[in-house]
Amino acid sequence: MTGSSDGQIIIWKYSDASRLHAFVPDNLSPVRCVQFDANKIVSSNEAGHILMHDRSTLQEVTFFNKHKNVVDYFEYAGDVLASFSWDRFCFLWDMRVGGGDPVARLKDSYKLYSGQMTGYTIVAAGKGLTVWDARNLSAPQAKMAHNNAVDTYCVQWRPSAQFGDCFVSSGSQGRIDVFFREGESVDTYSMPVHSKRDVYSVRFGERRMVSGSGKLVVCDFNPADAAEEEVEVDGGGGYEDVDTDEDEDEDEDEDNEDEDENEDDNEDEDEGMA
């Protein structure tokens, strides 16, 4: 299932990539995020709206429209939905009550691009990371940033009894930041692996990290080893670039330039011999 800048949500068939259904959830407003399960399709858009549709009928079930700017990302679990917006707010919604006010408003100091909600922990990504505990929303639990000038577009975190919470974020300037937080202590490491390109997505597991900008970069990465060694994370043994069409085009241009230079050299040699 995909959502795009033309305002459409398209449901695809896995086996042959054919289009099964397409619908426009909200007056052609560009879709920024879409998630679904067996019963519902939830989407957010640049108008600041979040809409829920019935999976079988594609009819709108409810909506949430209190954000005043782009809702770049949201997550839901059970009946709770957390939305992250350019208006600098993370709203928590009761999905059973559509059209009403959010049950909580968490204000950040910068527009929010992404976030994660796992258990009682809510992490928002804007300028660095802001962490809240849903059981006490009076103030953030922590704020973490390697460089306050860098926009943070994506975050993933995993708790661990072994080395504390591990937060991995990606953003502008081609860098991935890794934070280990245990109590009040925060250790920060940086991975400049994307040549200063904006990195819009990052995911990590037990042994690998994958991030994407103009190309995909796959790094060897073990958060447990990195936390124990307390050294800068540099890929842990190398990384692999996965070329996109854009990179292939650039390579072709470079090859063509090399051929032109070779032709020029041959012409110069011929003139010299003459």
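The values are calculated or read from the model by the stated rules, or taken from the named source; none is laboratory data. Keep in mind that what you see is a predicted model, and the values were worked out from it rather than measured. Note: ideal-geometry Cβ built from the backbone for every residue, glycine included; neighbour counts use all protein chains shown. Surface areas here come from the heavy atoms of the whole protein model, side chains and all, with no ligands, DNA or RNA. Shrake-Rupley method; radii C 1.70, N 1.55, O 1.52, S 1.80 Å.
When every residue of segment 82-95 is checked against the conditions, at least one turns out to be in contact (Cβ under 8 Å) with a residue 24 or more places away in the chain, more than 22 Å from C154 (Cβ to Cβ) and hydrophobic (A, V, I, L, M, F, W, C). Do the conditions hold for Q141, that is, is it buried (at least 20 other Cβ atoms within 10 Å of the Cβ) and under 23 Å from V80 (Cβ atoms)? Against the criterion (buried (at least 20 other Cβ atoms within 10 Å of the Cβ) and under 23 Å from V80 (Cβ atoms)), Q141 does not qualify. Step by step: first the residues of segment 103-116, then only those that are in a strand (DSSP E or B) and open to solvent by 30 Å² or more (accessible area, probe 1.4 Å), then the one that is farthest from R88 (Cα to Cα). Which residue is that? The qualifying residue farthest from R88 (Cα to Cα) is R105.
Please work out if R175 is without any contact (Cβ under 8 Å) to a residue 40 or more places away in the chain, open to solvent by 20 Å² or more (accessible area, probe 1.4 Å) and closer than 16 Å to A125 by Cα. In short, yes. Within segment 194-215, the set of residues being more than 12 Å from the chain's Cα centre (by Cα) and among the small types (G, A, S) comprises S195, G205, G214.
Please verify whether F36 is closer than 26 Å to L137 by Cβ, touching a residue at least 12 places away in the same chain (Cβ under 8 Å) and not polar (S, T, N, Q), treating the condition exactly as stated.
no
Of the residues that make up segment 87-96, is at least one more than 24 Å from M1 (Cα to Cα) and either of a type in the set (S, T, Y) or in a loop (DSSP other than H, G, I, E, B) (or both)? Yes: one or more hits.
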